[in-house]
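Chemist: I have a structure I would like to understand better, so I am pasting it below and will then ask my questions one at a time.
The values are calculated or read from the model by the stated rules, or taken from the named source; none is laboratory data. Treat the numbers as computed from the prediction; the structure is a model and nothing was measured. Methodologically, a virtual Cβ is constructed for each residue, glycine included, from the backbone with ideal geometry; neighbour enumeration extends over all protein chains shown. Only protein heavy atoms, including side chains, enter the accessible area calculation; ligands, DNA and RNA are left aside. Shrake-Rupley method; radii C 1.70, N 1.55, O 1.52, S 1.80 Å.
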Amino acid sequence: QAQAVVNGGVENAVLDQPANPAAENAVVGENPEIQEEQVDEEEEDNEDEEDAVVEDAADANNGAQDDMNWNALEWDRAAEELTWERMLGLDGSLVFLEHVFWVVSLNTLFILVFAFCPYHIGHFSIVGLGFEEYVQASHFEGLITTIVGYILLAVTLIVCHGLAALVKFQRSRRLLGVCYIVVKVSLLVVVEIGVFPLICGWWLDICSLEMFDATLKDRELSFQSAPGTTMFLHWLVGMVYVFYFASFILLLREVLRPGVLWFLRNLNDPDFNPVQEMIHLPIYRHLRRFILSVIVFGSIVLLMLWLPIRIIKYLLPNFLPYNVMLYRMTLSTLLENGLLYFVKILPVLLYKFHTTCTHSEDLHSYLLGDQEENENNANQQPNNQHARNNNAIPVVGEGLHAAHQAILQQGGPVGFQPYRRPLKFPLRIFLLIVFMCITLLIASLICLTLPVFAGRWLMSFWTGTAKIHELYTAACGLYVCWLTIRAVTVLVAWMPQGRRVIFQKVKEWSLMIMKTLIVAILLAGVVPLLLGLLFELVIVAPLRVPLDQTPLFYPWQDWALGVLHAKIIAAITLMGPQWWLKTVIEQVYANGIRNIDLHFIIRKLAAPVISVLLLSLCVPYIIASGVVPLLGVTAEMQNLVQRRIYPFLLMVVVLMGILSFQVRQFKRLYEHIKNDKYLVGQRLVNYERKSGKQGTSTTPPQSSQE
């Protein structure tokens, strides 16, 4: 088959340029009145630019003179004068009242301009149009009214801007343009961050109703009972979906040839500026992009969620619905089960799919690029660059901006690579998209059925016929499937090495798995259980259970709560200052699973942490149950001591920590004051250990600061 080399970057560069600049000028020149107005505006703009250049030159000269007269001592003196007493008004001055006045004035002006005025404009408009009942039925009257006010403000500013341009009020036109840009960017941010994720969240919920045996009536009742919570949950789910879809696109960009995903914005592009796009692009472009995004995201949800559910209900009628107890949280449960598949498994499947189908359809060059040709182009690029620089002819009158653009584009179009275009290219692309949709559909079917089926089958040996939350069954099935796939791939990789090597590897991995299980039991089992039980005794039980009732403890819930607290404590420890626990955790992370040191983990990490937690649990219990009854107190007092001793000891520990911190701070303050008042100088002296030997050579001390 004959193939032609096509440069995607050149094509896009040609498409972005105007087709006929002379024709455009001719169109403008057909109307002499418009041309005269444009000439007048250009003359006024040139005059304004000349004045601005003169002012900038004067400011530059003044700035240079200020730099010549700059004195660091004056700045230091001003910083010393700005003390807390002066800022808070404790020195008797009125600076504090001036600061308070400015803060209150700015806050009042901000609320008046950005909240009060738009709300009342929207309110009067809604009442005048007769839409007040519909807005009240939405349960978000204030928000909708304010958004309507902003929209009316934007329309008013557009009209006023056009009138100012018509009567040639340049300063008013610029001021109205700046105000319109502020309102426009604010509305676009609300649409991009608020409305679009909300639409995605509701669409996900609607497409997943049959998975949980729910109806739209249930969602309506949920919205009427708690509208704020319902909207927030759907917005959160939609935002998570948008975020992971963007992450998935970034993963695809790392695999595919630059230029394949030209129709999607590259978030990693250093030149990408969303605020600048909001300012420069017109409203219809943003509206078209918003509609296209809704269509793409909605189609993906239909392909990977709604259609697989329909197929599952047709092929396996008894498999659905999922066993979930919280019907209002079904969508979050779905995401918890599916995000791992969406982020980790799906990119690998897509990569394998592309590398298989592209070879079969002869699209490898278009999707993944040609490595050999890229290397040859990289070798030839310095020679072409040298020839281009030697043959460059300066163009008179283009200025610095044109020269800068020429320098930037010397290396050719950025973000594109040449590829080989095969015969019947559109048909091949269409077949690729069809095969990709089929692959995504099959992958969704497998991920929605196989982990849950495996988890239900494994859980049935433990719980029998009792229904379990599908979160646990899906998590169990995912782990089992992952371990099975991992074991099979490892065995396939070991097969060519022989039976002896396989036995040696199995022995090593068995030993490593045993060590990992022991560490997991200690750090992921015992420590979270003790930590969760301690949190239950210190915080939860005193707040939730009265003194005349007996608290009940659930080990599974305490363990889950302890896992959460352990992760938070570990993260805070790694971000905090250097101490023994941070050093040990960093060492364990550095060793990893392959080089796991069981003796080091037990001696340095597990034993100290478990000892501290056991002491925190046992010592208060021994005091309350063993020492207090010996004092001859009443039963009510014994019950009070048993229930309140844990929070009391926590308060004592926190108070001791605060006191010790304050003592250290006062010592540092005392040393600082003493050094400022009496310190004359500091001298660096060599450190020598005391020894009985005489005649040790010493060097004269070196003075470092005096």
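Chemist: Can you find a residue in the stretch 134-145 that is touching a residue at least 60 places away in the same chain (Cβ under 8 Å) and of a type in the set (Asp, Glu)?
Modeler: Within the stretch 134-145, not a single residue is touching a residue at least 60 places away in the same chain (Cβ under 8 Å) and of a type in the set (Asp, Glu).
Here's the yes/no breakdown for (1) more than 28 Å from the chain's Cα centre (by Cα); (2) not hydrophobic (A, V, I, L, M, F, W, C):
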{"position": "Thr465", "(1), (2)": "yes, yes"}
{"position": "Met495", "(1), (2)": "yes, no"}
{"position": "Leu522", "(1), (2)": "yes, no"}
{"position": "Leu531", "(1), (2)": "yes, no"}
{"position": "Pro555", "(1), (2)": "yes, yes"}
{"position": "Thr573", "(1), (2)": "no, yes"}
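Chemist: List the residue pairs whose Cβ atoms are under 7 Å apart, where the first residue sits in the stretch 423-437 and is more than 15 Å from Ser365 (Cα to Cα), the second is surrounded by 11 or more Cβ atoms within 10 Å (Cβ to Cβ) and not small (Gly, Ala, Ser), and the two are 6 or more positions apart or on different chains.
Modeler: Within 7 Å, the pairs are Leu431/Glu361; Phe435/Cys357; Met436/Phe353; Cys437/Leu303.
Chemist: Output the qualifying pairs, or none if there are none: Cβ atoms under 7 angstrom, residues six or more apart or on different chains, first residue in the stretch 558-583 and closer than 16 Å to Leu523 by Cα, second residue of a type in the set (Asp, Glu).
Modeler: Partner pairs satisfying both residue conditions: Asp558/Glu536.
Chemist: For Gln170, only one of the following conditions fails: (1) surrounded by 17 or more Cβ atoms within 10 Å (Cβ to Cβ); (2) under 30 Å from Leu152 (Cβ atoms); (3) in contact (Cβ under 8 Å) with a residue 24 or more places away in the chain. What is its number?
Modeler: All conditions pass for Gln170, except number (1).
Each row is one residue, and each column tells you yes or no for (1) closer than 23 Å to Ser293 by Cα; (2) of a type outside the set (Lys, Arg).
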site	(1), (2)
Val191	yes, yes
Gly201	yes, yes
Asp213	no, yes
Arg219	no, no
His234	yes, yes
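Chemist: Ok, one more. Quick check: anything in the stretch 601-616 modelled with pLDDT of 90 or more and open to solvent by 100 Å² or more (accessible area, probe 1.4 Å)?
Modeler: yes
Chemist: Under the condition of being of a type in the set (Lys, Arg) and in contact (Cβ under 8 Å) with a residue 12 or more places away in the chain, which residue from the stretch 455-496 is farthest from Asn323 (Cα to Cα)?
Modeler: Arg456
Chemist: Need the failing condition index for Leu669 against (1) in a loop (DSSP other than H, G, I, E, B); (2) farther than 30 Å from Ser510 by Cβ; (3) open to solvent by 80 Å² or more (accessible area, probe 1.4 Å), just the number.
Modeler: Exception for Leu669: condition (1).
Chemist: List, please: which pairs have Cβ atoms under 9 Å, are six or more places apart or on different chains, and start with a residue in the stretch 290-314 that is in contact (Cβ under 8 Å) with a residue 40 or more places away in the chain and end with one that is of a type in the set (Phe, Trp, Tyr) and outside any helix (DSSP H, G or I)?
Modeler: Between residues of the stretch 290-314 that are in contact (Cβ under 8 Å) with a residue 40 or more places away in the chain and residues that are of a type in the set (Phe, Trp, Tyr) and outside any helix (DSSP H, G or I), the close pairs are Ile312/Phe319; Lys313/Phe319.
Chemist: Here's a follow-up. Which residue, of Gly128, Gly149, Gly122, is at pLDDT 85 or above, in a helix (DSSP H, G or I) and surrounded by fewer than 16 Cβ atoms within 10 Å (Cβ to Cβ)?
Modeler: Going through Gly128, Gly149, Gly122 in turn, the sole match is Gly128.
Chemist: Inside the stretch 258-280, can you point out the residues that are at pLDDT 80 or above and surrounded by 14 or more Cβ atoms within 10 Å (Cβ to Cβ)?
Modeler: Glu277, Met278
Chemist: Exactly one of (1) among the hydroxyl-bearing types (Ser, Thr, Tyr); (2) surrounded by 16 or more Cβ atoms within 10 Å (Cβ to Cβ); (3) in a loop (DSSP other than H, G, I, E, B) is unmet by Thr465. Its number?
Modeler: (2) is the only condition that Thr465 fails.
Chemist: Please find, within the stretch 168-181, the residue that is nearest to Phe290 (Cα to Cα) out of those that are among the hydrophobic types (A, V, I, L, M, F, W, C) and in contact with a helix residue (DSSP H, G or I) (Cβ under 9 Å, 6 or more places away or on another chain).
Modeler: Ile181
Chemist: Quick one: in the stretch 184-234, which of the residues that are among the basic types (Lys, Arg) and in contact (Cβ under 8 Å) with a residue 12 or more places away in the chain is farthest from Pro308 (Cα to Cα)?
Modeler: Lys184
Chemist: Is it fair to say Leu188 is surrounded by 13 or more Cβ atoms within 10 Å (Cβ to Cβ) and assigned to a helix (DSSP H, G or I)?
Modeler: Spelling it out, Leu188 is indeed surrounded by 13 or more Cβ atoms within 10 Å (Cβ to Cβ) and assigned to a helix (DSSP H, G or I).
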